[in-house]
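Have a look at the structure below, then the notes.
Any read-out appearing in this document is the output of simple, stated calculations on the displayed coordinates, not a laboratory observation. Being a predicted model, the structure only gives us computed values, none of them experimental. Backbone-built Cβ (ideal geometry, glycine too); neighbour counts: all protein chains shown.
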Amino acid sequence: MSARIRKGDWVVVITGRDKGKAGKVLRVIPSDNRLVVEGINIIKRHKRPSQNSPGGIIKREATLDISNVMHVDPQSGKSTRIRFEERDGKKVRLAKRSGQLINTYLLAR
């Protein structure tokens, strides 16, 4: 089955501490049903200094569950579900709210 959310997609968080915030997907981990979104779910890690790098507090994005985010509709900017259709023999993703194509790069190939 094709992935509904892929690297580079714009998503909005629908639940949790960062509810309502939107960002770009940096990484998807399909085996764990998790993903990393730019600027969302920021955590702090205390790093001990080593010979090669100084120590300090490092901020980075932690993973989110895929069920806690929804796609951003390219036309309206609101959250939307994804549906699949076959066009020119290729499976493409469409925004259910507006019917707009989400992955145009597949048609360009």
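From the set of residues in the range 16-51 that are surrounded by 13 or more Cβ atoms within 10 Å (Cβ to Cβ) and among the β-branched types (Val, Ile, Thr), which is farthest from Leu101 (Cα to Cα)? Within the range 16-51, the match that is farthest from Leu101 (Cα to Cα) is Ile40.
Could you check, for the range 74-91, whether at least one of its residues is out of contact with any Pro (no Cβ under 6 Å at 6 or more places or on another chain), without any contact (Cβ under 8 Å) to a residue 12 or more places away in the chain and under 18 Å from Val11 (Cα atoms)? Yes, the range 74-91 contains at least one residue that is out of contact with any Pro (no Cβ under 6 Å at 6 or more places or on another chain), without any contact (Cβ under 8 Å) to a residue 12 or more places away in the chain and under 18 Å from Val11 (Cα atoms). Inspection of the range 47-70 finds no residue satisfying the criterion of being polar (S, T, N, Q) and in a strand (DSSP E or B). Within this structure, Arg97 fails the test of being part of a strand (DSSP E or B) and either over 19 Å from the mean Cα position of the chain (by Cα) or of a type outside the set (S, T, N, Q) (or both). Residue count for the range 71-84, restricted to those that are outside any strand (DSSP E or B) and under 17 Å from the mean Cα position of the chain (by Cα): 5. Look at the range 12-36: where a residue is among the polar types (S, T, N, Q) and a partner is outside any loop (DSSP other than H, G, I, E, B), sitting 6+ places away or on another chain with Cβ atoms under 7 Å, you get Thr15/Asn68; Asn33/Asp65; Asn33/Ile66.
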